[in-house]
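Novice: Got a structure here, written out as structure tokens. Questions coming.
Coordinate-derived values only; no laboratory data. Every value quoted in this text rests on a predicted model; they were computed, and no experiment measured them. So basically every Cβ, Gly included, is an ideal-geometry build from the backbone, and we count neighbours across all protein chains shown.
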Amino acid sequence: MNRAPTDITPTPAEQPRELLTVVAAAERLSIGRTTMYGLIKDGHITTVHVGHLRRVPADALTAYIEHLTASQQAA
């Protein structure tokens, strides 16, 4: 008999990542890697450095999407 677990807290592997690689962030936005690097270079998407690695905070993607939505609704 299979029982549902009583604790529904996601395991660490199931929790969404807070910091994404540039490629993973591009995939999440459904854009190409080159376009993503262009958005970063132009300051549209914020990144952080973890050691020598560049990562994109998940919140930065949300902020970018909200900015796009707001600017397109205003036009």
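Novice: Determine the gain in length on full extension of the stretch V23-D42; use 0.36 nm per residue of separation and subtract their C-alpha separation, reporting nm with one decimal.
Specialist: Difference between extended and current length: 5.1 nm.
Novice: Provide S71, S30 in ascending order of the number of other Cβ atoms located within 10 Å of each residue's Cβ, fewest first.
Specialist: Working: S71 9, S30 6.
In increasing order of surrounding Cβ atoms, one gets S30, S71.
Novice: Using r as the Cβ-Cβ distance of H49 and A70, and R0 as 25 Å, what FRET efficiency do you calculate, to the nearest 0.05?
Specialist: Values: r = 28 Å, r/R0 = 1.13.
Efficiency at R0 = 25 Å is approximately 0.30.
Novice: Taking amide H positions as placed in the peptide plane 1.01 Å from N, state which residues far from L20 in sequence (5 or more) or on other chains have amide H under 5 Å from it.
Specialist: Amide H to amide H, under 5 Å and 5 or more residues apart or across chains, L20 pairs with V56, A58.
Novice: Let me ask something additional. Give me the Kirkwood hydrodynamic radius of the stretch 19-74, using the inverse of the mean 1/r over all pairs of distinct Cα atoms, in Å to one decimal. Don't jump to the answer; show the numbers that get you there.
Specialist: Numbers: mean 1/r = 0.0874 Å⁻¹.
In the stretch 19-74 this quantity evaluates to 11.4 Å.
Novice: Under the Karplus relation 6.51 cos²θ - 1.76 cosθ + 1.60, θ = phi - 60°, what is the ordered set of whole-Hz ³J(HN,Hα) values for the stretch 32-41, x standing for Gly and Pro?
Specialist: Whole-Hz 3J(HN,Hα) from phi for the stretch 32-41: x, 4, 5, 4, 4, 4, x, 5, 5, 4.
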